Amino acid sequence: MSKRFILSIDQGTSSSRAFVYDDGMNTVGTAQEEFPQIYPKSGWVEHDPEAIWASVRHVVGLALADAGVTAADILAIGITNQRETTVLWDRTTGEPVMNAIVWQDRRTAKYCAELKAAGHEATVTEKTGLKIDPYFSGTKLKWILDNVDGARARAEAGELAFGTIDTYLVWKLSGGAAHVTDATNASRTLLFNIHEQAWDDDLLRLFGIPAAMLPEVLDSAAEFGTTKVDFLAADTVIAGIAGDQQAALIGQAGFEPGMTKSTYGTGLFAIANTGAEALVSRNQLLTTVAYRVAGEVTYGLEGSVFIAGSAMQWLRDELGLIESAPESEAVAARTGVVDDVYVVPAFAGLGAPYWDPDARGAILGLSRGSDRGTIVTATLQSVAFQTHDLLVAMRDDGLVPDVIRVDGGMVANDWFLQFLADVLDTPVERPVNAESTVLGAALLAAWQSGLVSSTEEIARRWQSDRVFEPAMGAGVRTQLLAGWSDAVSRVRGAR
Ligand code: ADP
């Protein structure tokens, strides 16, 4: 066999995945493995970078075996990753200075509140397109420098490297030779000026971050480095990188301004393509780099909601109400739409469009007849309501998608997608290949390697599986949304 396969690595929040694609971008091998979540305190979430690396090594081997190819058959590698999660390591030994601080971690909430109170948010937003929130990497990076013994001095001496997970993986894959990231990941750090496409000196000063720690920022399709590890052939090129949500937009072929995708994994993330314009939201949405190819930046407007599929895991693991996430579909179908009980899954505060790190979850409207079916269905419904809030914000910002393309683990749930279309009053379209994220990274690598040559070609290959058309009466919808809005208002700033 000649080198004609693309290996795509999706390093996600709860699991690592590897997919192998042939030169027609057909999936020929897959593997997935969960790795441990570490919760040192309430609101803190960490990952062991070594455990992440071990899981990546493992799934790559399994995916190659599943595809029946060898490492020598791989033409290029794509990487997509959980975004914002922050790792610092020693440039000489490769040893992480502590666990990675995960995007969901809220430990810097107080510092963020202080920055806001000191009036810094307008400048930060103007430069980065983001909010001042613990979600993004910048304050996590500062926390490590301030709290790990000797870290700041070592960083200032140039001994430490900072990276999001993509950067860490390329560094490991290249045997420590490449310290790089792509523009989409850089745009989530709170340190990157999205208009100038460069690390921002003012922001580095504000957060007290030594510039020497930062990776070089490349296009999303670029030569990031070449492999020097025992489980891949020598000098295989890492040719595509994008943060998971941006990769999903690419996998969904969302290349035209106005096209919108919504991904339902651990969290829920909607991105609308806004073309060459870095549209500024009036409604607390984020302006972000959707992708950067051949030096040209395409921007997106993003709504980030922290809890979606993970609410199903909560029903399963903490409440024991379902055996598995997919079971939620049968339970909801039996129960039918719930219009009196609301679950607000603000377990880690509320993201867009509320940005309230102090909100916490609640179940409202319980009566003696409320049962397991009520809670499970209301939890599923909450994911649709949260999407609705994002769409309202997008509409008010002038983006009115005529269809929403959806992907991620939750979209296997037909009941959920029908309810989503009903609540949004907008058609919801599921592709044949709902693995948009890992596909997006593969497409970037294929692009860089010349296997695909245009966005039109990718768009032509994208295939719809099913469109869910809105069918709910306006009266019912209005009533449900009023109940939701009341429930959200009750959990805000709850502590
Ligand atoms: P991530 O990439 O963030 O790890 P995935 O896209 O793999 O997430 O999606 C997994 C999430 O989807 C889990 O949180 C799981 O609870 C949820 N999920 C999976 N299948 C279903 C289903 N049929 N109905 C509802 N939720 C589901």
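Taking amide H as placed 1.01 Å from N in the peptide plane, GLU223 has no amide H partner under 5 Å among residues 5 or more places away or on another chain.
Using the Cβ-Cβ distance between ALA72 and ASP465 with R0 set to 35 Å, the FRET efficiency works out to roughly 0.50. DSSP beta bridges fully contained in the range 5-245 are about 65 percent antiparallel. Helices assigned as whole DSSP H runs in the chain whose Cα atoms extend at least 20 Å along their own long axis and whose mean Kyte-Doolittle hydropathy is -1.0 or higher are found at 49-67, 372-396, 474-491. Phi-derived couplings, Karplus 6.51 cos²θ - 1.76 cosθ + 1.60 at θ = phi - 60°, listed residue by residue for the range 352-358: 4, x, 8, 6, 10, x, 8 Hz, with x used for Gly and Pro. Of the trypsin sites (Lys or Arg not before Pro) in the range 272-326, the ones in a loop by DSSP (not H, G, I, E or B) with at most 10 other beta carbons within 10 Å are ARG282. How large is the charge dipole for the range 5-245, taken about the Cα centre, if only the Cβ atoms of Lys, Arg (+1) and Asp, Glu (-1) carry charge, to the nearest 20 debye? So the magnitude is around 740 debye. In this rough spin-label picture, where each label sits 7 Å from Cα along the Cβ direction, the ASP396-ALA362 distance is 2.0 nm. Between LEU481 and HIS58, the modelled labels are 4.5 nm apart [label points 7 Å from Cα along Cα→Cβ]. Over the range 357-495, what portion of Cα pair distances is larger than 18 Å, expressed as a whole percent? Result: 66 percent of Cα pairs exceed 18 Å. Largest first, the three principal axis extents of the alpha carbons in the range 5-245 are 57, 37, 31 Å in whole numbers. Relative to the current alpha-carbon distance between ALA117 and LYS3, full extension at 0.36 nm per residue lengthens the span by 35.5 nm. The order of SER15, SER485, SER449 by accessible area, most exposed first and with a 1.4 Å probe, is SER485, SER449, SER15. Around the amide H of VAL28, modelled in the peptide plane, lie the amide H atoms of VAL20, TYR21, ASP22, all under 5 Å away and 5 or more residues distant in sequence or on another chain. In this structure LEU439 has an accessible area near 20 Å², from a 1.4 Å probe over the protein heavy atoms. Taking a ≥ b ≥ c as the square roots of the eigenvalues of the Cα gyration tensor of the range 181-292, is the shape rounded (a/c under 1.5), prolate (a/b larger than b/c) or oblate? Because a/c hits 1.5 or more and a/b fails to exceed b/c, the range 181-292 counts as oblate.
Heavy-atom accessible area for THR260, with the other protein chains in place and a 1.4 Å probe, reaches approximately 10 Å².
Sorting the Cα pairs of the chain by distance into bins of 20 Å, from 0 upward, gives 25, 59, 16, 0 percent per bin. Amide H contacts under 5 Å for ALA362: VAL344, ALA346, restricted to partners 5 or more places along the chain or on a different chain, H placed in the peptide plane at 1.01 Å from N. Simple rule: put +1 on each Lys or Arg Cβ and -1 on each Asp or Glu Cβ in the chain, find the dipole, and look at TRP447, VAL59, ALA72; the Cα lying farthest toward the positive end is VAL59. Each listed q (0.13 Å⁻¹) maps to a log10 I(q)/I(0) for the range 1-80, found by the Debye formula over equal Cα scatterers with no solvent: -0.42.
Out of all DSSP beta bridges with both ends in the chain, state the antiparallel percent to the nearest 5. Counting DSSP beta bridges with both partners in the chain, the antiparallel share is about 70 percent.
Stretching the chain fully between ASP201 and ASP146 yields a gain of 17.9 nm (0.36 nm per residue, less the alpha carbon separation). Measuring between their Cα centroids, the range 406-473 and the range 316-375 lie 25 Å from each other. Evaluated with a Cβ-only charge set (Lys, Arg +1; Asp, Glu -1), the chain carries a dipole of roughly 760 debye about its Cα centre, given to the nearest 20.
Among ALA186, ALA31, TYR21, whose Cα sits farthest toward the positive end of the charge dipole of the range 5-245 (+1 at Cβ of Lys/Arg, -1 at Cβ of Asp/Glu, about the Cα centre)? Checking the options against the dipole of the range 5-245, the answer is ALA186.
For the chain, the solvent-accessible area works out to 35 Å² per residue, with a probe of 1.4 Å and every protein chain left in place.
Counting lysine pairs in the chain that sit 8 or more residues apart in sequence, or on different chains, and whose Cα atoms lie under 24 Å apart gives 21. Using the Cβ-Cβ distance between TRP44 and SER15 with R0 set to 22 Å, the FRET efficiency from 1/(1 + (r/R0)^6) comes to roughly 0.60.
Kirkwood radius and radius of gyration were both taken over the C-alpha atoms of the range 97-149, and their ratio Rg/Rh is 0.98. Rolling a 1.4 Å probe over the protein heavy atoms of the range 103-234, with every protein chain left in place, gives an accessible area that is 49 percent carbon and sulfur. Electrostatic bookkeeping for GLU46 treats Lys and Arg as +1 and Asp and Glu as -1; over the other residues with beta carbon under 15 Å from its beta carbon, the sum is 0.
The values are calculated or read from the model by the stated rules, or taken from the named source; none is laboratory data. What you see is a predicted model; the values in this text were computed from it and never measured. As a convention, Cβ positions derive from the backbone with ideal geometry for all residues, glycine included, and neighbour counts pool all protein chains shown. Surface accessibility is based on the protein's heavy atoms, side chains included, excluding ligands, DNA and RNA. Shrake-Rupley method; radii C 1.70, N 1.55, O 1.52, S 1.80 Å.
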